[in-house]
Amino acid sequence: MPFLKVGTLGQLPPDSVMEVMVGDQPYAVCHAGGAIRALSGVCIHRGGPLGQGQIHDGCVVCPYHLWEFDCATGEYDYDPTKRVPTFEVKVEGEDIYIQVS
Ligand code: FES
């Protein structure tokens, strides 16, 4: 699977998240704990836009009902058996790439 460029570090300051689209699928790209991570942009609760949420303590917070998911693992903080899919990320220079199917 190829890596696709989805943005630059300049667009994603520490402790922020942005929503990117690949085809018609949204992804949440996070800068948390010094790392860039990518998760599905669709909340597993009721489909909220995770990429439009906020970062709190290494988690992305869904803007709809404030469920929190670990940016590294996608785990829901109250029940780690529930998780949003995560995706590989690489950073080259200023550019952020994610690997999605
Ligand atoms: S839709 Fe995300 S917390 Fe409800």
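The values are calculated or read from the model by the stated rules, or taken from the named source; none is laboratory data. Owing to the predicted nature of the structure, the values given are computational and were not obtained by experimental measurement. Cβ atoms come from the backbone with ideal geometry, glycine included; neighbour counts cover every protein chain shown.
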For this session: Scan the stretch 65-79 for residues that are loosely packed, with under 12 Cβ neighbours inside 10 Å and in a strand (DSSP E or B) and jot them down.
Result: 79
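Return yes when residue 45 is on the phi < 0 side of the Ramachandran plot, of a type outside the set (A, V, I, L, M, F, W, C) and not in a strand (DSSP E or B) and no when it is not.
Yes, satisfied.
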Exercise. Quick one: how many residues across the stretch 21-48 are farther than 14 Å from residue 101 by Cα and out of contact with any Leu (no Cβ under 9 Å at 6 or more places or on another chain)?
Worked result: 10
Exercise. Restricting attention to the stretch 20-28, does a residue exist that is crowded, with 19+ Cβ neighbours inside 10 Å, more than 11 Å from the chain's Cα centre (by Cα) and not aromatic (Phe, Trp, Tyr)?
Worked result: no
Exercise. Mind checking whether some residue in the stretch 1-17 is at pLDDT below 95 and under 15 Å from residue 99 (Cα atoms)?
Worked result: yes
Seminar exercise, completed: Restricting attention to the stretch 38-64, the residues that are more than 8 Å from the ligand (Cβ to nearest atom), surrounded by fewer than 24 Cβ atoms within 10 Å (Cβ to Cβ) and in contact (Cβ under 8 Å) with a residue 40 or more places away in the chain number exactly 3
